[in-house]
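Visitor: Could you have a look at this structure, given as structure tokens, before my questions?
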Amino acid sequence: RSEVNMSEKKITYKQAGVDIAKANSFVKRIKPLVDNIYSPQVLGAIGGFSGFFNMEGLDVENPVLVASTDGVGTKLLIAQKQNTFDTIGIDLVAMCVNDIITSGAKPLFFLDYFSTGKLFYDKGTQIVKGIVEGCKQSECVLLGGETAEMPDLYKEEDFDLAGFCLGIVDRDKIISGKSVETGDAVIGIQSSGVHSNGFSLIRKIFSEEELKSSIGKEVLEPTYIYVKPILKLMDKVNVRAIANITGGGLVENIPRVLPDAVKVVIDSKNWPVPRIFMQIQKRANVGKREMYNTFNMGIGMVVIVPEKEVNKVKAILKNYYALKSYVIGYIEKGKKEVVIK
């Protein structure tokens, strides 16, 4: 009898927890933000079923498309503790475009996926502002996205972000690392902090109060976007390999761009490791190898170049982008690994 009564009761989609009208209103609210990064390559407007990008006029002789997808991970939980949501969108874009550029590709457009237990206008708008800012920094278009309210999958305040990026590179200019040879210099470009990796450990070793205060603010610093400096280096320097230092740190990421017969020997005294990493190591009570296998340790991107090009690289990074860089090691004969002195 109770089952019959329940079946006769009307329950709307909104009562079930999904407010379509609110979602549509949210799209209208963020439209002016997205319009700020308009490109003549974009056909159509936000709100359609798909995004259209015209490939004509890109001046790439033998075009190859390069794609990447990623998220921000549990750094989102730090954003919640800090009640700060305007930077994690930058992280989202950075995690994708910084992968794209390791092959020498220029990012063309970005799409985001924002899922939440309940859509809050202010939080959602701040997140999109960050995504737009990340797209501006990487000179790519925010072509579209999806906002999904899923009340039984997430708690009301919970949310997750995913990003998708497409780039383009000339087949003859793809940076694969195949040309790396012994004697080449390994240059580390400064990070803006911990970037977007290692947060499951960070959340274990620092207290709730610390993550709501200065420590939380420090680790929330957005991931640096290296698109402009890397593209500039490619124009002026013989860049043989590029490695984005994300999860796995220097130890795991550099071998991904090495040929089989060489290794990287790094001297950890060649650059100043930011204080935050020393704090993490002390609090976690782990060894140096564990830290270099988890965090970027102050080096967000690595480029491998002939030794004679080192000064040119450092000058470009300093003069155009005010980025600090260091010769952190050299290429030697070996078995596709990183050795840290």
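Visitor: Taking the square root of 5 times each eigenvalue of the Cα gyration tensor, what semi-axes in Å does the equivalent ellipsoid of the stretch 6-104 have, largest first?
Guide: Working through the eigenvalues yields semi-axes of 34, 22, 15 Å.
Visitor: For semi-axes √(5λ) of the Cα gyration tensor in Å, the listed values are [x] 39, 26, 16; [y] 32, 23, 19; [z] 27, 26, 20; which was obtained by calculation from the structure presented?
Guide: Matching the structure shown: [x].
Visitor: Right, something else. Roughly what % antiparallel, to the nearest 5, for the DSSP beta bridges in the stretch 239-341?
Guide: Here the antiparallel bridges make up roughly 75 percent for the stretch 239-341.
Visitor: Can you give me the orientation-averaged projected area of the convex hull built on the Cα atoms of the stretch 235-284, in nm²?
Guide: Reported value for the Cα convex hull: 5.3 nm².
Visitor: Sort 266-274, 301-309 by packing, meaning the average of other beta carbons within 10 Å per residue, with the highest value first.
Guide: 301-309, 266-274
Visitor: Return the Rg/Rh value of the stretch 248-341, two decimal places, where both radii are evaluated on C-alpha atoms and Rh is the Kirkwood radius.
Guide: Checking Rg against Rh, the ratio lands at 0.98.
Visitor: Quick one: if you stick a label point 7 Å off each Cα along the C-beta vector at Val273 and Lys308, how many nm between them?
Guide: Computed distance between label sites Val273 and Lys308 equals 3.6 nm.
Visitor: Every cysteine in the chain with no other Cys Cβ under 4.7 Å from its Cβ, please list them in numeric order.
Guide: Lone cysteines by the Cβ rule: Cys135, Cys140.
Visitor: Now, a different point. Where does each of 52-63, 72-83, 126-137 land if you order them by average Cβ count within 10 Å, highest first?
Guide: The packing order, highest mean first, is 126-137, 72-83, 52-63.
Visitor: Can I ask one more? Say the dipole of the stretch 95-153 comes from +1 at the beta carbon of Lys and Arg and -1 at that of Asp and Glu; which of Gly124, Leu153, Gln137 then lies farthest toward its positive end?
Guide: In the stretch 95-153, that residue is Gln137.
Visitor: Hey, another quick one. Once you keep just the Cα pairs under 8 angstrom separated by 6 or more residues, what percentage relative contact order results for the stretch 1-152?
Guide: 30 percent
Visitor: Based on the Cβ-Cβ distance from Thr12 to Leu33, what FRET efficiency comes out when R0 is 45 Å, to the nearest 0.05?
Guide: According to the calculation, E is roughly 0.90.
Visitor: For the stretch 144-267, max minus min Cα coordinate along each principal axis, in Å, sorted largest first?
Guide: 52, 38, 26
Visitor: I've got another one for you. Please give the calculated 222 nm ellipticity per residue for the chain, where each DSSP H segment of at least 4 residues contributes -39500 (n - 2.57) and the sum is spread over every residue; nearest 500 deg cm²/dmol?
Guide: After summing the helix terms and dividing by residue count, I get -10000 deg cm²/dmol.
Visitor: With contacts defined as alpha carbon pairs under 8 Å and 6 or more residues apart, what's the relative contact order of the chain in percent?
Guide: Normalised by residue count, the contact order of the chain is 21 percent.
Visitor: Okay, moving on. Which percentage, to the nearest 5, of the DSSP beta bridges contained in the chain is antiparallel?
Guide: Percentage antiparallel, nearest 5: 80.
Visitor: Related question: Starting at the first residue of the stretch 144-150, write each ³J(HN,Hα) from the Karplus equation 6.51 cos²θ - 1.76 cosθ + 1.60 with θ = phi - 60°, in whole Hz, x for Gly and Pro.
Guide: x, x, 9, 10, 10, 9, 9
Visitor: Below 8 Å between Cα atoms, with a sequence gap of 6+, how large is the relative contact order for the stretch 150-299 in percent?
Guide: Rounded, it is 34 percent for the stretch 150-299.
Visitor: Take Val265 and Asp59, extend 7 Å from each Cα along the Cα→Cβ direction, and tell me the distance between the two endpoints in nm.
Guide: Simple spin-label model gives 4.3 nm for this pair.
Visitor: What order, most packed first, do the peptides 84-92, 248-256 have when packing is the mean number of other Cβ atoms within 10 Å of each residue?
Guide: Result, highest mean first: 84-92, 248-256.
Each value in this text was obtained by applying a stated rule to the coordinates, not by laboratory testing. What you see is a predicted model, and the numbers here were worked out from it, not measured in a lab. As a convention, Cβ positions derive from the backbone with ideal geometry for all residues, glycine included, and neighbour counts pool all protein chains shown.
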